[in-house]
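Below is one structure; the comments refer to it alone.
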Amino acid sequence: MIILNRVSAGYPEKKVLENLNLTLPDTGAVALMAPSGYGKTTLLRVLAGLKAPDAGEIKGLENKKIAFLFQEDRLLPWVSAETNIEIVSDQEKAKYWLEQMEIPNGTQLPREMSGGMQRRVALARAMAFGGDVLLLDEPFKGLDEALRERIAGRIKNVFPLTVLSVHDIAEAELMGASVLRLDALGER
């Protein structure tokens, strides 16, 4: 289990998470839901080790490999979609995950792709990275409903634990995730 004990995290201008106590399972999917500004992205960044908590402790992530899909796609604009994935993996996995994400031409540069295609390349990169925990920040942003359903079916249950930030309960349901209302936890 991943245990957060009295975790606080924020930014100089705003405290976002305060005295958060939370237990996440080792397996399954958990969807973080709350209005904007309640710390979903901050919590994912803390879990990924990209932001140190201002206070409190986190246990259970030691020696875990964590894959992260950022809210922004963060693709390297000067290399192909396939190369963007090969940076974290190998050619075989890159081709596999591009196919799973319905990207027909892995030689395209990100600027030659639609926003939805770029999102799927970023998701393919996180999937190809692999690991024990998959953190997804608004993973279906820019995807239509039918595509969301197909993609969710392909990424669901690939990692032991998936934690995703969503605004729409339907996206949590697509992933078979239990919903955790972040705005109901901690102090504000």
Dimensionless Rg/Rh of the range 73-130 - Kirkwood Rh, Rg from C-alpha atoms | 0.89
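Mean separation of Cα pairs under 8 Å and 6+ residues apart, divided by the residue count of the range 73-130: what relative contact order is that in percent?
48 percent
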Give me the distance in nm between label points sitting 7 Å out from Cα along the Cα-to-Cβ direction at VAL179 and TYR96, one decimal.
-> 3.4 nm
With the label point 7 Å along the Cα-to-beta-carbon line of ARG150 and a cut-off under 12 Å to each amide N, the hits in the range 89-126 are 99-104
Relative contact order computed over the range 127-174 (Cα-Cα under 8 Å; 6+ residues apart), in percent = 54 percent
Stokes-Einstein translational diffusion, the chain - Kirkwood Rh over all Cα pairs, 1.567 mPa s, 4 °C, in µm²/s = 77 µm²/s
For the chain, with only Lys/Arg (+1) and Asp/Glu (-1) charged at the beta-carbon, what is the dipole magnitude about the Cα centre, in debye rounded to 20?
-> 260 debye
Give, in nm to one decimal, the length gained when the segment between THR107 and ARG6 is fully stretched (0.36 nm per residue of separation minus the Cα-Cα distance).
-> 31.7 nm
Relative contact order (percent, whole number), the chain, Cα cutoff 8 Å, 6+ residue spacing | 31 percent
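Here, each number is a calculation from the coordinates, and none is a lab measurement. All figures in this text were calculated on a predicted structure; none of them were measured in a lab. In this analysis, Cβ positions are derived from the backbone assuming ideal geometry, glycine residues included, and neighbour counts consider all displayed protein chains.
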